[in-house]
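A short worksheet on the structure shown next.
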There are 2 protein chains.
Amino acid sequence: MRIDQALPALEWLRGYSRESLINDGLAALVVTIMLIPQSLAYALLAGLPAEMGLYASILPLIAYALFGSSRTLSVGPVAVASLMTASAVGAVASQGVVDYASAATLLALLGGLMLIAMGLLKFGFVSHFLSHPVVSGFITASAIIIALGQLGPLLGIGLKGATLPSLVHDLYTRLAEAHGLTFAVGAGSVAFLLLARYRLHDWLTGIGLGGRTAELLVRSAPVLVMAVLIPLSAVANFQSAGVPLVGQIPSGLPAFSTPNISWPLIQELALPAFLIALIGFIESVSVGKTLGAKRRQRLDPDQELIGLGAANTAAAFSGGFPVTGGFSRSVVNFEAGADTQMASVLAALGIGLAAIFLTPMLYFLPKAVLAATIMVAVISLIDFDTITLARRYRTADFSAVVITIAITLLAGVEIGVLAGVGASVGLHLYHTSRPHFAVVGQLADTEHYRNVERHSVVTDPHILSMRIDESLYFANAAYLEEMVFAQVALREHLAHVVLMCPAVNAIDLSALEALKEINNGLIESGVKLHLSEVKGPVMDALQRSDFLSHLSGEVFLSHHGAVTALRAKGTADPAQT
Amino acid sequence: MRIDQALPALEWLRGYSRESLINDGLAALVVTIMLIPQSLAYALLAGLPAEMGLYASILPLIAYALFGSSRTLSVGPVAVASLMTASAVGAVASQGVVDYASAATLLALLGGLMLIAMGLLKFGFVSHFLSHPVVSGFITASAIIIALGQLGPLLGIGLKGATLPSLVHDLYTRLAEAHGLTFAVGAGSVAFLLLARYRLHDWLTGIGLGGRTAELLVRSAPVLVMAVLIPLSAVANFQSAGVPLVGQIPSGLPAFSTPNISWPLIQELALPAFLIALIGFIESVSVGKTLGAKRRQRLDPDQELIGLGAANTAAAFSGGFPVTGGFSRSVVNFEAGADTQMASVLAALGIGLAAIFLTPMLYFLPKAVLAATIMVAVISLIDFDTITLARRYRTADFSAVVITIAITLLAGVEIGVLAGVGASVGLHLYHTSRPHFAVVGQLADTEHYRNVERHSVVTDPHILSMRIDESLYFANAAYLEEMVFAQVALREHLAHVVLMCPAVNAIDLSALEALKEINNGLIESGVKLHLSEVKGPVMDALQRSDFLSHLSGEVFLSHHGAVTALRAKGTADPAQT
């Protein structure tokens, strides 16, 4: 049983049918065709040699197939992780300590090991701290930066910037250097790809093709562009016309290699590696869940961590760079009919064959074509819906998404995602820093107590009953203190304050200190503090502190019991005379 | 009225009595005597010339007297802020960009302006994010670092370290260089000060002195040490014996000066300035509240921000460094009978006179005496009580205090306090990431629904009723999703899930996405999702989203209403056949 849990692949490998093989083989073919341009393009986006994209699409696919829990997720290089890789690797490589490729490989290794560790420790919950507005805003901003950055290769100029202002500045100063033919190739490719995406499907079904066949043809548009432009580039000698080409790519499979490991480099790359891994994991799980739900297949987040961790570790040992489950390729894989991860194994085989036999042909491929592929791909990542929804729905969510987008655009991907998390957490704490509370009174002739502002209830001038509707912790402790004293100040003949705690699930140490302050403050005003309806675990904790021995009043099981008892001794209390 | 609010001093200045003047004058005398050695010592602790300590105890006191809201708080240099200043200033000064003094002055200016801005914006709540365990742990660790660091001047050796490991390493390697006479002076002072603190009071009251007089004599022990050792040092020629002395201090009042402002320096110092200001504010408010409560004087946190901001800005323009309300000096001021902030104004006058007339005498003061003063003062900051209480009380609080202490000791003050805040917030989110929920059933013959695990209740095989006991937000949204599907998987004949939401005060966008996923997932299983007892504001927000139009079921006002309606149409539902 234990090996079954560790290797989810065993489940589908057992009793693997010929029918599944046919389905998986077909899907693998389609995915391979789609992956070739994507892999090359994302490697260039990450600032790496094109072949690293192919390498990142072989062994990692097999590793995920063995350890991942989704049947149809397709892993490999993706746009956002490649941008983040470029940012992290650029920062260390510019210091001259290490070359780009080694840094990218180390980044994959670190991310992979972190993911595996998180999976083994069942730490998947860490990803919950990235709220939906932060993830959505971050991806939108990354897509904008990527799309703008691709204007560089599309125009045949170099753009160094990794933020909106620096990209705009670079574009503005270097626009005059734009290369006409390069731009014609790039813009032509963009136009064709856009047409293919938004029109081709309707046109193909219009001439009688099946919806699924049409869809798959649409998805292979990037390969079609390559198939036209590679021969054209060779024949028309684009190279001598000055069009930047992909050029020489080493043929063959990646060699097994150990990443260069150095402690200072690890320190520099640890945070970006963690962020890349986490964002990749969140995206992956989101895709995997969506696809899994359609076939009633459950996704296990902790196993996903291990699967993606294995994929990244495999990337690191075979000359690749950070990978994760991609949205578009997984959808293609699913729609092309993949039954199991055998499709990914076969796709890896396909990419391997491409790395051996196709690389000479790629020599003539203009880089602008790959830039066009990326640009059109990332447009779909821009998520205006969430922005619109957040604006209508809740100010805090809208603020979180706007802050994340703005800071990612202005300060880059790492600071952007960290600022987003900070804003998200900060806004949440701010919102819970004012606990709901209500002054309550007795509903006549019942044992129920309700908000005095909403119900017509009976109150006693000597007793203040306050119901606290939230757990008490550091961010709302000071507010509680203020509120109690403000309410006490309004009542002249007060002798007792009863805090009704049926909704208080926890009281942390800071809140305990605040309760002590309230107790001491009330003692000096001659008022006693009581608690009622304290939950079991909270009471246990209070008993472990010295609070109850200093409490001027009592702890009552029911609020009605408290009020009845205090009313009974009411006039006997000297504080009321 | 507006000027009254801006200048709290007007309140006590109006009708200021002769009796108050006598009380304040006496308190000022005692505080001045106490402040002289403290000011000098904390300036040296901050790595600054001794006279800056005096300068930081003149104008800032007057500024706080005008703008602060506490009647008895005494501001000036304090131990923890001085250590933080040393750390921040050391980091920039070691780069050679600027000298220590200019950086310290700029630190005071930045902190002062930040405090004023926070006060005007009513942003005092930011300080609530520093939980009690974090503040307590941070101060304990700082006190340990300060005490260890003072072993340097006490032994006559230089210690550069600002963390526990580096201090221990420095001590170990340089112990052989210790200077005998310096150590004798230092250790003697420490022994006398400890005796004074723990024995002198009993002894003085034993010989018939009043408790308060005894207390004040105890507090002036540091000045007594100075009064003995300055002449001794001069006569016995400590200087030629190699004992490090305070040496030449410029006589006179500080000149009005503008801090050196440069943008890169501001960027470097902004974070430490913010942390120093925030920690100082928290300490100040805590002292101010304690003293205020004894005389029923209310402290206004937002006004305190402005008062402390004014004090720091004044420090910056008169050659000082970051100041805040000190615990020991405020207690002394209070116990010496200060009525109003006039006591601080008079103490400022006293320090001003000292700066003019006493500085020549300070030439002969051994630095080891000041080190002894600091050591004995910071011992009382070590707060074992909170550690013990936290350990008994709650694991999360204990973890927060231990993490804060450990990281402050190992990595220094700035990283320490940031790690503490991170740990505190992270632990809180982790605790609320699993919302309380309960499967509920009907209490026979009532309209009440209770937890099926605790009560004997009636349930329907077609209906799953779940009560959610917490607000839904990003950190617990994924858990809710898991729980609902786990419960649904247990029930074969299910047709309806009703989420009962009387305790859900908010649903953020991430939780809304989770609800959509739950809705979609249930639709695919042929189960309808309903909500009941949704609070008004939550319902308003849901109506602004498109969730309700996609919801497969309905929203019911009461849970009983939901169950009754669903039971009625029960068998008519095709999903149940």
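The values are calculated or read from the model by the stated rules, or taken from the named source; none is laboratory data. Keep in mind it's a predicted model, so treat the numbers as computed, not measured. Cβ coordinates were reconstructed from backbone atoms using ideal geometry, including for glycine residues, and neighbour counts include every protein chain displayed.
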### Query
Which numbered condition trips up residue A:564, out of (1) surrounded by 18 or more Cβ atoms within 10 Å (Cβ to Cβ); (2) more than 40 Å from the chain's Cα centre (by Cα); (3) away from every other protein chain (no Cβ under 13 Å)?
(1)
### Query
Of the numbered conditions (1) under 22 Å from residue B:557 (Cα atoms); (2) more than 8 Å from every other protein chain (Cβ to nearest Cβ), residue B:421 satisfies every one except a single condition; which is it?
(1)
### Query
In region B:494-542, what residues are among the acidic types (Asp, Glu), in a loop (DSSP other than H, G, I, E, B) and more than 8 Å from chain A (Cβ to nearest Cβ)?
B:533
### One residue from B:50, B:108, B:91 being crowded, with 24+ Cβ neighbours inside 10 Å and among the hydrophobic types (A, V, I, L, M, F, W, C)
B:108
## Note on the structure
Of the residues in region A:474-493, those that are more than 9 Å from every other protein chain (Cβ to nearest Cβ) and touching a Phe, Trp or Tyr at 6+ places or on another chain (Cβ under 8 Å) number 2
### Query
Of all residues in region A:222-252, which are within 19 Å of residue A:155 (Cα to Cα), in contact (Cβ under 8 Å) with a residue 60 or more places away in the chain and part of a loop (DSSP other than H, G, I, E, B)?
A:238, A:239, A:241, A:242, A:243, A:244, A:246, A:247
### Query
Which one of the conditions (1) more than 10 Å from chain A (Cβ to nearest Cβ); (2) in contact (Cβ under 8 Å) with a residue 60 or more places away in the chain does residue B:398 fail to meet, given that it meets all the rest?
(1)
### Query
Would you pick out the residues in region B:439-473 that are in a strand (DSSP E or B), under 14 Å from residue B:532 (Cα atoms), within 14 Å of another protein chain (Cβ to nearest Cβ) and not β-branched (Val, Ile, Thr)?
B:467
### Task
Quick one: residue A:434 ticks every box in (1) outside any loop (DSSP other than H, G, I, E, B); (2) within 11 Å of chain B (Cβ to nearest Cβ); (3) in contact (Cβ under 8 Å) with a residue 40 or more places away in the chain except a single one, so which number is it?
(1)
### Message
Suppose we filter region B:137-186 for residues that are assigned to a helix (DSSP H, G or I), surrounded by 15 or more Cβ atoms within 10 Å (Cβ to Cβ), of a type outside the set (A, V, I, L, M) and in contact (Cβ under 8 Å) with a residue 24 or more places away in the chain; how many remain?
### Response
10
### Query
How do the helices (runs of 4 or more DSSP H) wholly within region B:253-337 filter down when requiring 3 or more residues that are more than 18 Å from residue B:351 (Cβ to Cβ), over 19 Å from the mean Cα position of the chain (by Cα) and not aromatic (Phe, Trp, Tyr): which remain?
B:263-294
### Message
I'd like the residue in region B:116-135 that is more than 14 Å from the chain's Cα centre (by Cα) and not basic (Lys, Arg) and, out of all such residues, is farthest from the other protein chains (Cβ to nearest Cβ).
### Response
B:116
### Task
Determine which single condition residue B:388 fails, assuming it passes every other condition in (1) in a helix (DSSP H, G or I); (2) farther than 24 Å from residue A:507 by Cβ.
(2)
### Task
For residue B:349, work out the one condition from (1) within 30 Å of residue B:238 (Cα to Cα); (2) more than 22 Å from the chain's Cα centre (by Cα); (3) not small (Gly, Ala, Ser) it doesn't fulfil.
(1)
### Task
Give the residues of region A:253-271 that are touching a residue at least 40 places away in the same chain (Cβ under 8 Å), out of contact with any Leu (no Cβ under 7 Å at 6 or more places or on another chain) and among the polar types (S, T, N, Q), sorted by residue number.
A:257, A:258, A:262
### Query
Going by the structure shown, is residue B:39 of a type in the set (Ser, Thr, Tyr), modelled with pLDDT of 85 or more and within 19 Å of residue B:312 (Cβ to Cβ)?
yes
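What number of residues in region A:243-255 are touching a helix residue (DSSP H, G or I) at 6+ places or on another chain (Cβ under 9 Å) and at pLDDT below 90?
Residues that pass the stated criteria total 9.
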### Task
Restrict the check to region A:525-534 and report whether at least one residue is touching a residue at least 40 places away in the same chain (Cβ under 8 Å), surrounded by fewer than 16 Cβ atoms within 10 Å (Cβ to Cβ) and more than 29 Å from residue B:135 (Cβ to Cβ).
yes
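Residues of region A:338-349 being in contact with a Phe, Trp or Tyr (Cβ under 9 Å, 6 or more places away or on another chain) and either assigned to a helix (DSSP H, G or I) or not charged (D, E, K, R) (or both), which ones?
Answer for region A:338-349, where residues must be in contact with a Phe, Trp or Tyr (Cβ under 9 Å, 6 or more places away or on another chain) and either assigned to a helix (DSSP H, G or I) or not charged (D, E, K, R) (or both): A:340, A:341, A:342, A:344.
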### Task
Can you confirm whether region B:497-515 contains a residue that is over 41 Å from the mean Cα position of the chain (by Cα) and assigned by TED's automatic domain parsing to the domain that holds residue B:539?
yes
#### Entry: Among (1) in contact (Cβ under 8 Å) with a residue 12 or more places away in the chain; (2) farther than 23 Å from residue A:150 by Cβ - the single one residue A:125 does not satisfy
(1)
### Query
For the subset of region B:405-460 comprising residues that are buried (at least 16 other Cβ atoms within 10 Å of the Cβ) and among the aromatic types (Phe, Trp, Tyr), which member is nearest to residue A:431 (Cα to Cα)?
B:437
### Message
List the residue pairs whose Cβ atoms are under 8 Å apart, where the first residue sits in region A:200-221 and is of a type in the set (Asp, Glu), the second is in a helix (DSSP H, G or I), and the two are 6 or more positions apart or on different chains.
### Response
A:215/A:201; A:215/A:335
### Task
Report the residue count in region B:95-136 for those that are farther than 27 Å from residue B:378 by Cα and not in a helix (DSSP H, G or I).
8
